[in-house]
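Structure first, commentary second.
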């Protein structure tokens, strides 16, 4: 018996007495005094977007039971919801409620993901820092997105593997490398390309390179006989729709992604594409990573270049249950996409805050060090000063020509030239490991501080 037949599905629980409610009476009582329900509705449908499993613990509307309060709030959501282009196999349209905070959240994202994330940096350092943070973001996203799908390579080793161009040891390493290469291609190449079925096939093929089970072929859509499911905690979280339905919906998804005639805020649209691909689950493997890659593709394509700094999957990895249930709530509770939209928007906002904290922390730590090095050695360029700062952070830190050139987006020849100058000045020591030269902070460098 296969996993599909063994596992129990996750089914959301409804209030046990929901069917006993006289809803017309509930609604009439609400209309008599709408203000009395404002606190409950704000707590369950605006400040947070709660399903019954959590809403049942909120203080009910005065004079209403917990179930009546939930039923009323739930009905009011439906009345103000807007349709999305996403539909279920049974013809139900996914809808969403534009919660009160969403406009402010979108403005916040617009301001920061368009380039203000580095507004506090010195003007002479913005471009090098942009490249540094871009590489950091893509590396972090590749690692976290793969770990979400089961890769068990540690983040520390994965970063070393990518920086040093080390050959993958196993499937987990390969997943991370594949994801990294795809993220690079999206940012450098595909962001200017329209979405297409061919591009989806290409990206999936690259994501599952050397990791796909031998029974499948990279780039080929799943068949109904494949019994592909999405599991969480040894239970079925999602059974993807039939292959015939998926074929038609992918064409609609591609058309929607490329159609800008009717304005939909790019962040909302990117999140819709993320959810839509995850719901359709068109391939036997790689669907989650593909959905998140397309999310980034859409935002890069529409000018949100600073999203490359924000490894969203790093936060998703820390709350896999919330991520999974954002899908489950949306699918099982009246096809309400708001659950997923709310979760994703708040994740982006958290990523922005964490990135700003990271930049502020690094700026604070590095200001005095960089100033001292620059004053003592004014001929050094920003790359060299940043490298010395990195080496001073930890005695275990080192760099190599490969990692130095990748981090700074320069040629290997320029990297060797920079590093040779640092060695000639006595600021770094070298050690050869497996025919690779590692550069460490020297006692002379440490003696400056």
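Which of (1) part of a loop (DSSP other than H, G, I, E, B); (2) without any contact (Cβ under 8 Å) to a residue 12 or more places away in the chain is the odd one out, the single condition residue 59 does not satisfy?
(2)
Before we move on, is residue 246 closer than 19 Å to residue 145 by Cα, crowded, with 17+ Cβ neighbours inside 10 Å and assigned by TED's automatic domain parsing to the domain that holds residue 297?
Answer is no for this residue.
Limited to the stretch 30-58, what total is found for residues that are more than 30 Å from residue 270 (Cα to Cα) and in contact with a helix residue (DSSP H, G or I) (Cβ under 7 Å, 6 or more places away or on another chain)?
5
Taking the condition without any contact (Cβ under 8 Å) to a residue 40 or more places away in the chain, over 19 Å from residue 370 (Cα atoms) and not in a loop (DSSP other than H, G, I, E, B), does residue 403 pass?
No: the conditions fail for residue 403.
Being farther than 22 Å from residue 47 by Cβ, out of contact with any strand residue (DSSP E or B) (no Cβ under 7 Å at 6 or more places or on another chain) and modelled with pLDDT of 90 or more narrows it down to one of 311, 320, so name that one.
320
Pairs please, first residue from the stretch 148-177 and assigned by TED's automatic domain parsing to the domain that holds residue 230 and within 16 Å of residue 436 (Cβ to Cβ), second anywhere and surrounded by fewer than 19 Cβ atoms within 10 Å (Cβ to Cβ) and modelled with pLDDT of 90 or more, Cβ atoms under 6 Å, 6+ apart in sequence or on different chains.
Sorted first by the residue in the stretch 148-177, then by its partner, the pairs are 164/402; 165/402.
Picking from 69, 81, 88, which residue would you name as being under 29 Å from residue 274 (Cβ atoms) and surrounded by 15 or more Cβ atoms within 10 Å (Cβ to Cβ)?
Testing whether each residue is under 29 Å from residue 274 (Cβ atoms) and surrounded by 15 or more Cβ atoms within 10 Å (Cβ to Cβ) leaves just 81.
Scan 212, 253 and give me the residue that is under 22 Å from residue 345 (Cα atoms) and buried (at least 18 other Cβ atoms within 10 Å of the Cβ).
On inspection, the qualifying residue turns out to be 253.
Within the stretch 141-160, count every residue that is surrounded by fewer than 21 Cβ atoms within 10 Å (Cβ to Cβ) and either on the phi < 0 side of the Ramachandran plot or in contact with a strand residue (DSSP E or B) (Cβ under 6 Å, 6 or more places away or on another chain) (or both).
So the count comes out to 9.
Going by the conditions given, is residue 283 under 14 Å from the mean Cα position of the chain (by Cα), touching a residue at least 12 places away in the same chain (Cβ under 8 Å) and under 23 Å from residue 147 (Cβ atoms)?
no
Inspect all residues belonging to the stretch 209-232 and state whether any of them is in contact with a helix residue (DSSP H, G or I) (Cβ under 8 Å, 6 or more places away or on another chain), without any contact (Cβ under 8 Å) to a residue 40 or more places away in the chain and closer than 23 Å to residue 96 by Cα.
no
Is it true that some residue in the stretch 66-80 is touching a residue at least 40 places away in the same chain (Cβ under 8 Å) and outside any helix (DSSP H, G or I)?
No: zero hits.
Among the helices (runs of 4 or more DSSP H) contained in the stretch 92-185, which hold 3 or more residues that are over 16 Å from the mean Cα position of the chain (by Cα), at pLDDT below 85 and under 21 Å from residue 306 (Cα atoms)?
Once the helices (runs of 4 or more DSSP H) in the stretch 92-185 are filtered for at least 3 residues that are over 16 Å from the mean Cα position of the chain (by Cα), at pLDDT below 85 and under 21 Å from residue 306 (Cα atoms), what remains is 126-148.
Among 53, 20, 33, which is surrounded by fewer than 11 Cβ atoms within 10 Å (Cβ to Cβ) and farther than 30 Å from residue 262 by Cα?
Only one candidate qualifies: 20.
Residue 343 fails exactly one of the following numbered conditions: (1) touching a residue at least 24 places away in the same chain (Cβ under 8 Å); (2) closer than 30 Å to residue 319 by Cα; (3) touching a helix residue (DSSP H, G or I) at 6+ places or on another chain (Cβ under 9 Å). What is the number of that condition?
Of everything listed in (1) touching a residue at least 24 places away in the same chain (Cβ under 8 Å); (2) closer than 30 Å to residue 319 by Cα; (3) touching a helix residue (DSSP H, G or I) at 6+ places or on another chain (Cβ under 9 Å), residue 343 misses just condition (1).
Evaluate the stretch 211-221: report whether one residue or more is in the same structural domain as residue 316 (by TED's automatic domain parsing), assigned to a loop (DSSP other than H, G, I, E, B) and closer than 30 Å to residue 433 by Cβ.
Yes, some residue in the stretch 211-221 is in the same structural domain as residue 316 (by TED's automatic domain parsing), assigned to a loop (DSSP other than H, G, I, E, B) and closer than 30 Å to residue 433 by Cβ.
All but one of (1) surrounded by fewer than 21 Cβ atoms within 10 Å (Cβ to Cβ); (2) within 16 Å of residue 163 (Cα to Cα) hold for residue 408, so report the exception by its number.
(1)
The values are calculated or read from the model by the stated rules, or taken from the named source; none is laboratory data. Quick caveat, the model's predicted, so the values are computed rather than measured. Backbone-built Cβ (ideal geometry, glycine too); neighbour counts: all protein chains shown.
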